[in-house]
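Participant: This is the structure I want to talk about, given as structure tokens.
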Amino acid sequence: MKRGGADFPVLRRGLALSRVASELGFTDQAYFQRHFKRRLALTPGQYQGFFRPSAPDGDKLPR
């Protein structure tokens, strides 16, 4: 992962985290997730969630 978040757009493409980790040069997805969380205080999945389109209120799945 480059400093300053230069590689974060790769997370916005909706790829699986294992593929993102691999594209960024990490051989271990778990290590990538820990490294990412230490730097941003968010998991990669939480970060990706900011860029996913939200479902309209009527289309939410029951919990």
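Participant: Based on this model, can you work out whether Gly25 counts as assigned to a helix (DSSP H, G or I), modelled with pLDDT of 85 or more and surrounded by 10 or more Cβ atoms within 10 Å (Cβ to Cβ)? Before you say what the answer is, go through the steps one by one.
Facilitator: Working: assigned to a helix (DSSP H, G or I): no; modelled with pLDDT of 85 or more: yes; surrounded by 10 or more Cβ atoms within 10 Å (Cβ to Cβ): yes.
No; evaluated as a whole, the condition is false for this residue.
Participant: Scan region 13-22 for residues that are in a loop (DSSP other than H, G, I, E, B) and in contact (Cβ under 8 Å) with a residue 24 or more places away in the chain and report the count. Don't jump to the end; show me each part of the working.
Facilitator: At the first step, the residues of region 13-22 found to be in a loop (DSSP other than H, G, I, E, B) are 14-16.
After this cut, where a residue has to be in contact (Cβ under 8 Å) with a residue 24 or more places away in the chain as well, the list is 14.
Of the residues in that region, 1 qualify.
The values are calculated or read from the model by the stated rules, or taken from the named source; none is laboratory data. Being a predicted model, the structure only gives us computed values, none of them experimental. Heads up, the Cβs are rebuilt from the backbone with ideal geometry, glycines too, and the neighbour counts pull from every protein chain shown.
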